[in-house]
Structure formats: C-alpha cells, structure tokens
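Undergrad: Quick one: the structure is below, and I'll ask about it shortly.
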Amino acid sequence: MYLLPIPAFDDNYLWLLHDGRRALVVDPGDAGPVQHALEKHALQLESILVTHHHADHTGGVAALRETWGATVYGPATESIPQPYTPLRGGDSVTALGLDFQVIDVPGHTAGHIAFYTPELDNRPLLFCGDTLFSGGCGRLFEGTPAQMLTSLDKLAALPGNTVVCCTHEYTLSNLRFAMAVEPANAKLAAYQAQCVALRAQDKPTLPTSIAQELQVNPFLRTRQPTIMAAARRFDASAHDDNTVFAAIRQWKNQFK
Ligand code: ZN
Ligand code: FE
C-alpha cells in the first residue's frame with residue numbers, strides 16, 4: 001500500500017491510500033488535487049472517508065463521488081454532502097480490503113470521528129482529521145476541554161507505532177508553542193530541529209506516530225508535572241486533568 005499526503009489550500013493534506021490500482025481518500029476538501037493525483041498514478045477512487053463536516057474536509061466530496069461513484073463514509077451526527085454511509089464510534093468499515101474501526105473523537109466538532117486500522121504493512125494507521133496534529137490538537141469549536149481530552153486519551157492509547165495522518169501542516173507553529181510550555185524537553189527540541197529541516201526542503205512533517213507525539217505534544221502530556229506547573233503559571237486556577245488541559249488550550253489560542 002502507498003500513503004501520500006496531497007497538499008491542498010494553504011496547509012491541508014488530503015490523504016490518499018492506494019494499492020497501485022484502487023484508492024481511498026480522506027477528507028477531500030478540494031476535488032482538483034485529488035483528481036490530479038488519481039490521474040497521475042492511474043488509480044480508481046473507490047472510497048471517501050470523512051472525519052468531520054468542515055468545508056476544508058468535505059468541499060470535494062460531491063464532485064469526486066459523481067466522477068468515480070465512490071462510496072462515502074462519514075460521521076452520523078454531522079451534516080456532510082448526501083448520500084453517505086453514516087458511522088459512529090464502534091462501527092467498522094471495509095475499504096481497499098482493510099478493516100477500519102471508527103472512533104468517536106468529539107471536541108473540534110461535536111460529531112468528529114477518526115478511522116483506525118490495526119494493520120497496514122505491519123503498522124497500525126490512523127486518520128484523525130482535525131483532532132490531533134503533530135505538536136498540537138484541533139481548536140474546540142463545538143466541544144468542551146473535557147470532551148477533547150477524552151478523545152485525545154483514546155488516540156494516545158493506540159499502539160506507539162501507529163502511523164498518524166493529521167490533516168494540517170501546523171507542526172512548526174505547534175512546536176513553537178510546545179517549546180514555550182516545556183522549554184527543557186530535549187526530545188521536543190530535537191524534533192523541532194528535524195521538522196524545521198523538513199519544511200526548509202518543502203517536505204511534509206507528517207505522518208507522525210503516537211510514540212512521537214507522546215514525547216512532544218503538550219496536549220498529550222497535560223498530566224506531566226512540568227506541563228501542570230506551566231498551566232498553573234498561565235491560569236492559577238488550573239488544578240485537575242480538565243482544567244489543566246483547558247488552560248493549555250486557552251494559552252495556545254492566545255499564543256503568538
Ligand atoms: Zn476542521
Ligand atoms: Fe481542517
């Protein structure tokens with residue numbers, strides 16, 4: 001199987017998975033670049049997976065479905081272009097012969113889902129939409145800090161070698177914030193240098209892995225004493241899992 005991030009808009013990646021003949025795409029916000037990639041690699045689009053309703057994730061769904069007759073799978077409780085097969089946490093779907101498990105991850109949007117398959121060429125694979133980014137997490141447009149923390153805990157519990165396909169190239173700005181929160185994290189500093197070098201060559205910093213994120217991502221590390229202390233410097237009332245997470249999220253929202 002081949003996994004490629006198709007760049008779109010300013011900083012989106014539309015993930016394409018294919019076997020050399022058949023393909024699936026995740027969150028096609030724009031049909032044009034997907035169509036181009038399908039033609040370039042002589043692929044047939046079989047399935048479209050959608051994680052949440054935002055236009056930068058759904059804008060190309062209707063055109064691609066019409067062109068290819070692809071089956072669309074998406075979150076049951078959000079409004080995405082009809083018709084599609086509605087999914088909830090605990091459901092599974094088969095696409096390209098792979099079994100994907102659906103995980104409910106509310107927070108960025110209320111009905112956001114993620115797709116996880118335990119074995120793709122010996123490694124698990126996760127399409128997490130705008131829930132988890134490298135070094136960061138999605139903004140809380142429709143959910144509470146407690147919901148997002150629960151969602152991120154589910155993703156953090158996946159195997160460390162899981163290939164994590166995030167949908168935006170936000171890594172460098174996320175890592176600048178992460179360094180402000182945890183300046184003494186040597187693994188974070190090393191990862192930041194690695195990502196700066198990748199971006200200087202115009203290469204994606206993604207996919208990442210769960211193990212990598214557990215070492216560098218402040219939103220997966222809110223129970224670390226260093227991060228709890230940093231959260232309290234930002235908001236003295238932060239005192240438990242949810243309020244520490246909320247403080248870090250709020251700090252990031254204001255960070256320049
Ligand atoms: Zn979004
Ligand atoms: Fe997005």
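Undergrad: Can you compute log10 of I(q)/I(0) for the chain with the Debye formula, treating each Cα as one identical point scatterer, at q = 0.17 Å⁻¹?
TA: Values, matching the q order: -1.30.
Undergrad: Taking only protein heavy atoms and a 1.4 Å probe, what accessible area per residue, in Å², does the range 2-253 have with all protein chains in place? Write out the running numbers ahead of the final one.
TA: On the way: 10350 Å² over 252 residues.
Result: 41 Å² per residue.
Undergrad: Further question on the same structure: Hey, how many Å between the Cα centroid of the range 110-127 and the Cα centroid of the range 211-256?
TA: After rounding, the separation between the Cα centres reads 26 Å.
Undergrad: A further question follows. Grab the alpha carbons of the range 177-256, take their convex hull, and tell me the volume per residue in Å³.
TA: Values: hull volume 7.8 nm³, N = 80.
Per residue, the Cα convex hull of the range 177-256 comes to 97 Å³.
Undergrad: Give me the Kirkwood hydrodynamic radius of the range 1-142 in Å, from all C-alpha pairs, to one decimal place? It would help to have the intermediate numbers written out before the result.
TA: Values: mean 1/r = 0.0670 Å⁻¹.
Hydrodynamic radius (Kirkwood, Cα pairs) of the range 1-142 is 14.9 Å.
Undergrad: Would you kindly derive the ³J(HN,Hα) couplings of the range 45-58 from the backbone phi angles with the Karplus curve 6.51 cos²θ - 1.76 cosθ + 1.60 (θ = phi - 60°), listing them in order in whole Hz, with x for Gly and Pro?
TA: With coefficients 6.51, -1.76 and 1.60, one gets 7, 9, 9, 10, 9, 10, 8, 6, 7, 4, 4, 6, 10, 10 Hz.
Undergrad: Viscosity 1.306 mPa s, temperature 10 °C: Stokes-Einstein D of the range 113-256 from its Kirkwood Cα radius, in µm² per second? Let's see the in-between values first.
TA: Numbers: Rh = 15.3 Å.
Answer, rounded: 104 µm²/s.
Undergrad: Under the rule of -39500 (n - 2.57) per DSSP H run of 4 or more residues, summed and divided by the residues of the chain, what mean residue ellipticity at 222 nm is obtained, to the nearest 500 deg cm²/dmol? Display every interim value, and only then the final one.
TA: On the way: 9 runs with 91 residues, N = 256.
Counting only the DSSP helices, I get -10500 deg cm²/dmol.
Undergrad: Quote the charge dipole size of the range 2-253 about the Cα centre in Debye, to the nearest 20; the model charges only the Cβ of Lys and Arg (+1) and of Asp and Glu (-1).
TA: Numbers: 18 positive and 25 negative charges, 138 e Å.
Here the range 2-253 has a charge dipole of around 660 debye.
The values are calculated or read from the model by the stated rules, or taken from the named source; none is laboratory data. Nothing here was measured: the structure is a model prediction, and the numbers come from that model. Backbone-built Cβ (ideal geometry, glycine too); neighbour counts: all protein chains shown. The accessibility values were calculated without ligands, DNA or RNA, using every heavy atom of the protein model including side chains. Shrake-Rupley method; radii C 1.70, N 1.55, O 1.52, S 1.80 Å.
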